[in-house]
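The values are calculated or read from the model by the stated rules, or taken from the named source; none is laboratory data. All values reported here derive from a predicted model rather than from experimental measurement. Here Cβ is always computed from backbone atoms with ideal geometry, including for glycine, and neighbour counts include all displayed protein chains. Accessible surface is based on the protein model in full, side chains and every heavy atom, while ligands, DNA and RNA are left aside. Shrake-Rupley method; radii C 1.70, N 1.55, O 1.52, S 1.80 Å.
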Amino acid sequence: MMNAAEFGRFFLPGPTEVHPEILQAMMRPMIAHRGQQMVDLLASADNPLRELFCTERAVLVGTCAATGFMEMAVRSGVRHRALCLVGGAFGERFAAIVDATGRDVIRLNVPLGNTIEPDMLEDALRHSDVDAVTVVHSETSTGALAPLQELAEVVHSFDDVLLLVDGVTSIAGLPVLTDDWGLDFVFTGSQKALALPPGLALGAASERMVERARRIPERGAYLDVVAFQEAATKLQPTNTPALSLLYALIAQLDRIAASGGITARWDRHEAMRKTVEEWISGRGGELGFGYLPDEDRRSWTISCLEVPQGRNGREIAKAVAEQGWTIGSGYGSLKERTIRIGHMGDHTVERLVALLDVIEGVLR
Ligand SMILES: *Cc1c(COP(=O)(O)O)cnc(C)c1O
């Protein structure tokens with residue numbers, strides 16, 4: 001098994017590298033999922049999860065990919081029609097799920113690397129009769145960070161419109177103030193900034209989200225926000241949970257608390273974003289790299305970089321892999337034009353600097 005000294009070469013934008021201590025924590029025997037031990041286990045995660053999500057509400061934990069909770073957001077939160085903010089592949093996925101579940105979808109599109117701004121959202125909401133808005137906070141396919149707090153203010157100025165947020169690469173990596181910003185549903189997956197193995201989805205639902213869901217009879221069964229909320233409030237799982245992943249989650253929540261808490265985690269991610277920005281204004285820029293998103297709209301967990309003229313993102317990622325390191329190539333239509341560095345989870349500035357050196361090395 002890999003030891004801690006070797007940690008920090010796997011910069012994929014999900015799944016992210018899992019610390020050996022976390023892998024170790026999973027090697028525990030099973031327990032009954034309807035017994036006191038299960039209640040105790042979920043009780044130990046209860047407060048740390050509320051802190052992680054910046055909410056007073058019980059956090060919902062499900063056994064599925066993050067896309068499962070995206071579907072739950074739609075089935076439980078959209079009555080008839082949603083306005084979907086689309087600036088990349090995951091925004092489009094949200095819209096496609098609205099469509100696939102028989103609701104009407106209105107897409108508000110911006111070019112890749114851009115974000116929908118509050119005035120655009122306000123204008124769109126004035127001209128369309130929708131009952132929910134979907135938004136991806138940190139669009140992992142482009143590295144763009146939506147101005148979520150401002151967008152939420154706009155949504156709240158309209159009556160009875162819910163805000164459904166994909167926080168998959170923002171929760172645990174940068175500030176997401178669920179209660180203060182009034183997010184009706186926000187979710188993430190275990191394999192992103194939480195740096196756990198894939199397989200858990202985590203989310204928080206507002207009271208009005210749960211109330212709305214109660215009045216949508218065809219909202220489904222396995223991924224029903226009402227069932228999740230009731231179970232979470234009683235410190236119960238909905239169905240047999242991925243127990244080993246819950247062991248990993250508890251170990252990770254302990255590690256987060258021991259290393260300064262959630263704000264220290266945000267700070268480390270911000271420092272990583274700044275490290276890439278400094279590299280772009282220095283040696284990386286000299287080599288011809290540039291940022292895809294504008295300043296002030298860059299995710300703290302993922303950097304999507306345009307590659308130098310005449311170079312190819314996929315080939316750069318391959319050359320980096322030959323050195324024993326992993327980064328993401330571009331996503332979809334950006335495959336050739338960009339590379340993506342997933343500096344989230346348990347990564348550090350120090351290892352990121354080492355990675356940037358490797359990238360320089362393969363280009364020279
Ligand atoms: C990874 C990712 C998803 C999908 O996560 P899965 O666990 O694969 O379903 C959704 N949204 C964003 C922004 C992501 O980065």
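Looking only at the stretch 89-111, residues that are buried (at least 23 other Cβ atoms within 10 Å of the Cβ) and either away from the ligand (no atom under 13 Å from the Cβ) or on the phi > 0 side of the Ramachandran plot (or both) come to 1 in all. May I ask you to list the residues in the stretch 46-99 that are assigned to a helix (DSSP H, G or I), farther than 29 Å from Cys304 by Cα and of a type in the set (Gly, Ala, Ser)? Ser76, Gly77, listed by residue number. Looking only at the stretch 165-178, count how many residues are under 13 Å from the mean Cα position of the chain (by Cα) and not in a loop (DSSP other than H, G, I, E, B). Residues meeting the conditions: 2.
Taken over the stretch 267-303, the criterion of being in contact (Cβ under 8 Å) with a residue 12 or more places away in the chain and either outside the structural domain of Gly345 (by TED's automatic domain parsing) or among the polar types (S, T, N, Q) (or both) is satisfied by Thr275, Ser299, Thr301, Ser303. Among the residues of the stretch 207-219, those that are modelled with pLDDT of 95 or more and either assigned to a loop (DSSP other than H, G, I, E, B) or buried (at least 21 other Cβ atoms within 10 Å of the Cβ) (or both) comprise Met209, Arg212, Ala213, Arg215, Ile216, Arg219.
When Val39 is tested against the conditions (1) in a helix (DSSP H, G or I); (2) more than 16 Å from the ligand (Cβ to nearest atom); (3) closer than 23 Å to Gln191 by Cα, the lone failure is (3).
Just one of the listed residues (His80, His19) is away from the ligand (no atom under 16 Å from the Cβ), open to solvent by 10 Å² or more (accessible area, probe 1.4 Å) and touching a Lys or Arg at 6+ places or on another chain (Cβ under 7 Å), namely His80. Here Asn47 clears all of (1) away from the ligand (no atom under 16 Å from the Cβ); (2) touching a residue at least 60 places away in the same chain (Cβ under 8 Å) except the condition numbered (2).
Considering only the stretch 312-335, I want to know if a residue exists there that is small (Gly, Ala, Ser), touching a residue at least 24 places away in the same chain (Cβ under 8 Å), part of a helix (DSSP H, G or I) and touching a helix residue (DSSP H, G or I) at 6+ places or on another chain (Cβ under 7 Å). Yes, that holds for at least one residue. Picking from residues in the stretch 118-136 that are outside any helix (DSSP H, G or I) and either among the basic types (Lys, Arg) or closer than 25 Å to Phe69 by Cα (or both), the one that is most open to solvent (accessible area, probe 1.4 Å) is Asp129.
Yes or no: Glu230 open to solvent by 20 Å² or more (accessible area, probe 1.4 Å), closer than 29 Å to Thr140 by Cα and more than 15 Å from the ligand (Cβ to nearest atom)? No, not satisfied.
Table: residues versus (1) assigned to a loop (DSSP other than H, G, I, E, B); (2) open to solvent by less than 10 Å² (accessible area, probe 1.4 Å); (3) within 16 Å of the ligand (Cβ to nearest atom); (4) of a type in the set (D, E, K, R).
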| site | (1), (2), (3), (4) |
| --- | --- |
| Thr115 | yes, no, yes, no |
| Ser141 | yes, yes, yes, no |
| Phe158 | yes, no, no, no |
| Asp180 | no, no, no, yes |
| Lys192 | yes, no, yes, yes |
